[in-house]
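Reviewing the structure listed below.
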Amino acid sequence: MSAEAAIGALRRGLSHPLTIDSAVLACAPDTLEDHIWDHHTLFESGFTPVPEDQRTAGEFLIGELQFNDTVLLAEVDLFPAGPAPY
């Protein structure tokens, strides 16, 4: 889910107005660059089940970068993708 969609869903689901002062996107710099230049659509890359979405990963990511106040470029091990092992 995109940051814009998540914030939109929050605003629609609350009974009172919500103000979001800032949004932060955290991503791995090497992966970000790979996806920005990828020519495949989001559907072809497996990022969405909607074949009609013709955006490339780069187009999607640039939109996400523009939406956020801050972009934190960090190594993946700093923010693990999966749940912590027990």
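Every read-out reported here was derived from the displayed coordinates using simple, explicitly stated rules and does not represent laboratory data. The structure displayed is predicted, hence computed values, not measured ones. Note: ideal-geometry Cβ built from the backbone for every residue, glycine included; neighbour counts use all protein chains shown.
A few comments on the model shown:
- Local net charge near LEU61, Cβ-Cβ under 12 Å (Lys/Arg +1, Asp/Glu -1): -4
- The local environment of ASP38, defined by Cβ-Cβ distances under 12 Å, has a net charge of -3 under the rule Lys, Arg +1 and Asp, Glu -1.
- Packing here is the average count of other Cβ atoms within 10 Å per residue, and on that basis the peptides 60-66, 34-40, highest first, run 60-66, 34-40.
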